[in-house]
Amino acid sequence: MTGDPRLPERGPQGLAPPAVAPPAIVSMKSASFGYADRAVVSGVTLDIHAGEVVAILGPNGSGKSTLVKGLLGLNDHLSGQVALFGAPIDRFRDHARLGYVPQRHTLSASVRATAAEIVAVGRLPRQGWLGRPNREDRRIIQESLAVVGLEDRANVDVNTLSGGQQRRVLIARALAAHPDVLVMDEPTAGVDLASQEVLSQVLTRLARRGTTMLIVTHELQAVSGALTRIVQLNGGRVTFDDSPAGHARAMGSSQTTGHDGHHDDEGGPLTSPAAGPLDHLAGGHGA
Ligand code: ADP
Ligand code: MG
């Protein structure tokens, strides 16, 4: 562990890389994760540094959620080395540095709360025990809602929001903790197209602000404006890890240029020497 000033350094000027490289945010060497003693993901060697925006792709059941939940300590780390911010995962305690938006998560219909109240929950880990939101917390809550384009909904009941808007509230809640990395499990799945469009803009905006992100997704197109890297899982193993341009080349497709042009979402299975079929990129994974 290095000195850990945790400055809430989120301005637009935060784009330049620091002169002295801090430890990787996530560092895995031959890591496996699973449930009880069954490994679901294994042999993963992956370093993620500040400023990277990494998409994790892979068919259903390939272990994407298991991998990201493993990093959050939500399942069992079975072997290999895993470090977060330079600290071995077993000793890592500063979980507020990891923002998490779980898969298929909207708010329960029984929740009676305003958007601002939900986002306020994200401030709790930063308030110390007995903390009450102070003026600075309220400013951060409002700012987090603004980042996801919901500043004008702060005081509305979350039940009145669409699924896509609720997802954005949950992203705002994660952002409000000022995490150093934002881990999102299928943030755009199961929301209507208009919401997907907005979410895609939100992710691009976060990327421009220098937010490090790990995004599990089927909708590559929705996040393509933000990505710096693509990691593919198949059967619990990393089978591809390269830039979006490298991914486009591996796909061997003249249509995929790495910009948000048309991907092959409706084009049936693609064969690729490196990455395996990506036909699962087709939409329709409703919550
Ligand atoms: P993905 O997110 O890529 O669809 P998952 O990580 O959810 O894949 O699942 C990978 C495998 O792990 C599946 O075979 C699934 O049955 C198993 N699995 C997922 N969650 C659990 C759990 N809580 N307990 C036991 N096995 C699980
Ligand atoms: Mg999953």
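Quick note: the coordinates plus some simple rules give every number you see, no bench work behind them. A quick note: this is a predicted structure, and the numbers were derived from the prediction, not measured. Ideal geometry is used to build each Cβ from the backbone, glycine not excepted, and the neighbour counts take in all protein chains shown.
Ordering of 39-47, 190-198 by packing is 39-47, 190-198, highest average first (other Cβ atoms within 10 Å, averaged per residue). With r defined as the distance between the Cβ atoms of VAL20 and LEU193 and R0 fixed at 35 Å, what FRET efficiency is calculated, to the nearest 0.05? That gives a FRET efficiency of 0.20. Inter-label distance, THR228 to LEU72: 2.3 nm, where each label sits 7 Å from its Cα along the C-beta direction. Taking amide H as placed 1.01 Å from N in the peptide plane, VAL53 has its amide H under 5 Å from the amide H of MET213, THR228, ARG229, each at least 5 places away in sequence or on another chain.
Simple spin-label model, 7 Å along Cα-to-Cβ: ARG209 to GLU136 in nm? Here the answer is 1.7 nm between the modelled labels. Under 5 Å from the amide H of LEU233 lie the amide H atoms of LEU57, GLY58, THR239, each residue being 5 or more positions distant or on a separate chain, with H modelled from the backbone and absent for Pro and chain starts.
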